[in-house]
1. Looking at segment 236-256, is at least one residue open to solvent by less than 50 Å² (accessible area, probe 1.4 Å), away from ligand 2 (no atom under 16 Å from the Cβ) and at pLDDT 95 or above?
2. Pick out the one residue from Phe82, Phe21 that is more than 17 Å from the chain's Cα centre (by Cα) and either without any contact (Cβ under 8 Å) to a residue 60 or more places away in the chain or outside the structural domain of Arg195 (by TED's automatic domain parsing) (or both).
3. Suppose we filter Lys139, Lys164 for residues that are modelled with pLDDT under 95 and either over 29 Å from Leu40 (Cα atoms) or assigned to a loop (DSSP other than H, G, I, E, B) (or both); which single one remains?
4. Please work out if Glu49 is within 16 Å of ligand 1 (Cβ to nearest atom) and open to solvent by 50 Å² or more (accessible area, probe 1.4 Å).
5. What's the number of the only condition in (1) modelled with pLDDT of 90 or more; (2) over 19 Å from Leu219 (Cα atoms); (3) not in a helix (DSSP H, G or I) that Leu154 fails to meet?
6. Considering Glu265, Glu270, which residue is farther than 25 Å from Phe113 by Cα, at pLDDT 95 or above and among the charged types (D, E, K, R)?
7. Here's a check for you: in segment 214-233, which residue that is crowded, with 17+ Cβ neighbours inside 10 Å and of a type in the set (Ser, Thr, Tyr) is farthest from Ala296 (Cα to Cα)?
8. So, in segment 95-134, of the ones that are open to solvent by less than 30 Å² (accessible area, probe 1.4 Å) and assigned to a helix (DSSP H, G or I), which residue ends up nearest to ligand 1 (Cβ to nearest atom)?
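The values are calculated or read from the model by the stated rules, or taken from the named source; none is laboratory data. Predicted, not measured: the structure shown is a model, and the values here were computed from it. Heads up, the Cβs are rebuilt from the backbone with ideal geometry, glycines too, and the neighbour counts pull from every protein chain shown. Areas reflect the complete protein model, heavy atoms only, side chains present, ligands, DNA and RNA absent. Shrake-Rupley method; radii C 1.70, N 1.55, O 1.52, S 1.80 Å.
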Amino acid sequence: MSGIPWETVTLTTLSRDRTIFPKLLAEARDIAMRGQEGKLVIHTPWGIEWKPFGLPRRKRPLKSVVLGSGIAEAVEKDVSAFLQRRQWYADRGIPYRRGYLLHGPPGSGKSSFIQALAGSLSYDICVLNLSERGLADDKLIHLLSNIPERSFVLIEDIDAAFNKRVQTSEDGYQSSVTFSGFLNALDGVASGEERIIFMTTNHPERLDPALIRPGRVDLSLLIGDASSSQAKRLFIQFYGRGEEEPSGWEEIQEDELTALGNSIERLVEEEMQAGGKVSMAALQGLFIRSSAREAADGLRSLFKEQRTLKP
Ligand SMILES: Nc1ncnc2c1ncn2[C@@H]1O[C@H](COP(=O)(O)OP(=O)(O)OP(=O)(O)O)[C@@H](O)[C@H]1O
Ligand SMILES: [Mg+2]
């Protein structure tokens, strides 16, 4: 009964009928799988293995993450093309891997999009924190070559992973994944195993060219601050009539909603022309706390506030 997080259960039977056990195990497995169905499972390293972290989460609908025009589609298309080309890679002796880098300002939807995409493909996510205590080059190689089936590897804030090499934290701990160790782990021994890595950063300019060369990062995309059309789409999505339970705000007729959406679009457009910007996360925050009719005023104050805060 030890071995956290796993437990050992010993089963014995008085009868000679051992077929009881496979049946019991199959049923237990079915019940456990049912609990994960339609959910997103996050894995984290446990020693040199991956273990599910926390309970499976509800999937986030892919369309709830509103990216710039064509961006979500480009990534989706690239991932599905990759997934259909296993044999093509094998025939040419190319390691069956794909790397993605999503870069851009905070709160633009990078992490949300990766989670939603994984959910839509029924993939899990293996979150790798390169500065985690106790993680060293050799463990990393092992982890990256033993990824659970149908999983994305997610490495957030990749620019920050190696800056700590020379820094020692208060308790004298030093990160021990080296940059060259990481590159080696990425390249690894060629094998037919599928591997899809997503990396995110707010500072692509700080990344070493060796990291983002093709083969390590195959597709790099900017996920930017809100454009005026993204702002409008998020607005409509927020206050539009969904299939689910009521939002709690008063119902708004379709044409009023469109008119309000247009004024949000115009406000963002004007602000951008004046050199301002707003993140999708800030818009989400505003929409959560205001009704559809209050949102435009709220946005005006948000812009005013941002301008006074500007250095
Ligand atoms: N494009 C978007 N569409 C819908 N919601 C968004 C979008 N961008 C951000 N959000 C909302 O803002 C919050 C933060 O988003 P998220 O964590 O995905 O940003 P991020 O780009 O990963 O930021 P960071 O660079 O700081 O990690 C989430 O609650 C998310 O729902
Ligand atoms: Mg993020």
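1. Among the residues of segment 236-256, not one is open to solvent by less than 50 Å² (accessible area, probe 1.4 Å), away from ligand 2 (no atom under 16 Å from the Cβ) and at pLDDT 95 or above, which makes the answer no.
2. On inspection, the qualifying residue turns out to be Phe21.
3. Lys164
4. No: the conditions fail for Glu49.
5. It is condition (2) that Leu154 fails.
6. Glu270
7. Among those that are crowded, with 17+ Cβ neighbours inside 10 Å and of a type in the set (Ser, Thr, Tyr), it is Ser227.
8. Lys110
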